[in-house]
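Take a look at the structure below.
All of the numbers you see were taken from the coordinates with simple rules; none came from a lab. As the structure is a prediction and not an experimental result, all values here were calculated from the model. Counting neighbours? That spans all protein chains shown, and the Cβs are built from the backbone with ideal geometry, glycine included.
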Amino acid sequence: MENYYDILEVSTKASKEIITKAYRTLVKKYHPDANSNSNKPIDDEKIKKINEAYDILSDDEKRKKYDIELQRVKEQENNDIQLRYEKILEQNKVLQQELANLKGIYQDNYNNQKISETYQENTNINYNDNLQREIDKRINQSVNRAYHDAYIQRMRDFGYRVYHKKTLKERARDLLSVGLAIIVVLIIFFILWQIPAIREHIESNKIFQSFMNAFVRK
């Protein structure tokens, strides 16, 4: 169905005066006498459509009937578009379901084919996975430690005083280190004490005598 409003280049709410003005402008624009002879067949057809549109839209009764028919056609076109959209959407859902089914069948076949192979490789795979996880863990720890040290050093370069609050694990490790150091010193001292010359030299030392006298008095 021809859209006469589009032909006259006006809106569907245009008044009769606007329609008349648009009609005259278009007639003048496309009249064969105002254009070259090469465009005459096209201009004649255009003028014919313009006259036809003006004949309908300039008459109140004809325009009313035309508007009703135009609205019906537009509603029909919209319904057709909606039906086509719903049909395509339904087809798309069907295709997606078929694709999912095919994917499931393929996955089942693939799993059945690989189940015997994976059974034999489980031990090696688990070992390799554990080894890789341990390597990744050590790498992450090293990277985090390097980043932390670099950050602390950077803050110190800017003049900040950075205090590191030790964790319970770090405190326990430091305490153990001190205890081991004391034990090592005591063992060395005990070994040296067994040597007579060294023992006599230690006993004759004034500092040692003062320490022993103070210790004995207590």
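Students often get this wrong, so check it: of Lys13/Lys65; Lys13/Lys74; Lys46/Lys87; Lys49/Lys74; Lys16/Lys46, which have C-alpha atoms separated by over 26 Å? Mind dumping the intermediate values first?
Working: Lys13/Lys65 15 Å; Lys13/Lys74 16 Å; Lys46/Lys87 38 Å; Lys49/Lys74 20 Å; Lys16/Lys46 21 Å.
Among Lys13/Lys65; Lys13/Lys74; Lys46/Lys87; Lys49/Lys74; Lys16/Lys46, the Cα-Cα distance tops 26 Å for Lys46/Lys87.
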Quiz item: How large is ³J(HN,Hα) for each residue in the stretch 8-24, as worked out from phi by the Karplus curve 6.51 cos²θ - 1.76 cosθ + 1.60 (θ = phi - 60°), to whole Hz, x for Gly and Pro?
Solution: 7, 6, 10, 7, 5, 9, 5, 6, 5, 5, 5, 5, 5, 5, 5, 4, 5
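Which of Val27, Val178 has the fewest other C-beta atoms within 10 Å, and how do the rest follow up to the most?
So the ranking, lowest neighbour count to highest, is Val178, Val27.
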